[in-house]
Amino acid sequence: MSAATRQMCVCSVCAFVAACGGSGGGGSDRQQIEKMFSSVDTEMAKGDYASACNYFSQRQQANIATGARKAGLNVSSCAGALMALIKVTGITRAQLAQTFGGAAAPKLQTVDVHGNQATVTFTDSIGGHPYKETDALVRENGQWKADRIIKRTNTG
């Protein structure tokens, strides 16, 4: 698999996990949401897909597994789907660590909280390609979780 193809596959996986959510503990909603973005990157860089999936809402976890099954992969969980997607694309653990561990956390531009729902707009880049994204989050069991990507725009 070529380097360009691998990078595109990494981008596809990133699209699944860009809407990362979940955090525990105190602090403002914004602080909790910032921590969740950082935590997903950390878990993906380590290859700990089960922990990364804990930052997604139940609905998002189901969507990730369903998407992988539609792609022909025999999976039953979010973690299994991420593992299979990574394996099928030929992405190495070192490439994951570089993609998720080597970059700065996304820069949050806006965080709008309305009860147990929030929208977050941030900027980030994948492989040197900047983008702006707006995600929906939900609070499940007291923790912010990624629920879905609302809009993503390439800015480079």
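The values are calculated or read from the model by the stated rules, or taken from the named source; none is laboratory data. Everything numeric here is computed off the predicted structure, so don't read it as measured data. Positions of Cβ are generated from backbone atoms using ideal geometry, with glycine treated the same way; all protein chains shown enter the neighbour counts. Calculation scope for accessible area: heavy atoms of the full protein, side chains included, ligands and nucleic acids excluded. Shrake-Rupley method; radii C 1.70, N 1.55, O 1.52, S 1.80 Å.
For the range 44-64, the tally of residues that are assigned to a helix (DSSP H, G or I) and under 23 Å from ILE126 (Cα atoms) stands at 12. Only a single criterion out of (1) at negative phi; (2) at pLDDT below 95 is not satisfied by GLY128, namely (1). Filtering the range 115-122 for residues that are part of a strand (DSSP E or B) and open to solvent by 40 Å² or more (accessible area, probe 1.4 Å) leaves a non-empty set. Of all the numbered requirements in (1) under 14 Å from the mean Cα position of the chain (by Cα); (2) among the β-branched types (Val, Ile, Thr); (3) modelled with pLDDT of 95 or more, ILE86 misses one, and that requirement is (3). Across the range 1-38, the number of residues qualifying as within 14 Å of the chain's Cα centre (by Cα), modelled with pLDDT of 85 or more and open to solvent by 60 Å² or more (accessible area, probe 1.4 Å) comes to 2. In the range 131-156, of all residues being among the hydroxyl-bearing types (Ser, Thr, Tyr) and assigned to a strand (DSSP E or B), the one that is surrounded by the fewest Cβ atoms within 10 Å (Cβ to Cβ) corresponds to THR153.
You will find that of ASP112, ASP41, the residue that is assigned to a strand (DSSP E or B), within 21 Å of SER28 (Cβ to Cβ) and either open to solvent by 20 Å² or more (accessible area, probe 1.4 Å) or of a type outside the set (Phe, Trp, Tyr) (or both) is ASP112 and no other. Looking at the structure I just gave you, is LYS87 open to solvent by 70 Å² or more (accessible area, probe 1.4 Å), free of Cβ contacts under 8 Å to residues at least 24 places away in the same chain, part of a strand (DSSP E or B) and at negative phi? So LYS87 does not fit the description; no.
Restricting THR153, THR99 to those that are over 17 Å from ARG30 (Cβ atoms), of a type outside the set (Gly, Ala, Ser) and modelled with pLDDT under 90 reduces the list to THR99. In the set (1) under 27 Å from GLN109 (Cβ atoms); (2) without any contact (Cβ under 8 Å) to a residue 40 or more places away in the chain; (3) surrounded by 23 or more Cβ atoms within 10 Å (Cβ to Cβ); (4) not basic (Lys, Arg), ALA68 fails one condition alone, (1). Every condition in (1) open to solvent by less than 60 Å² (accessible area, probe 1.4 Å); (2) of a type outside the set (Phe, Trp, Tyr); (3) out of contact with any strand residue (DSSP E or B) (no Cβ under 9 Å at 6 or more places or on another chain) holds for GLY128 except the one numbered (1).
Checked against the criterion of being of a type in the set (A, V, I, L, M), farther than 14 Å from LEU137 by Cβ, at pLDDT 85 or above and out of contact with any helix residue (DSSP H, G or I) (no Cβ under 7 Å at 6 or more places or on another chain), the candidates ALA94, ALA62, ALA68 yield just one match: ALA62.
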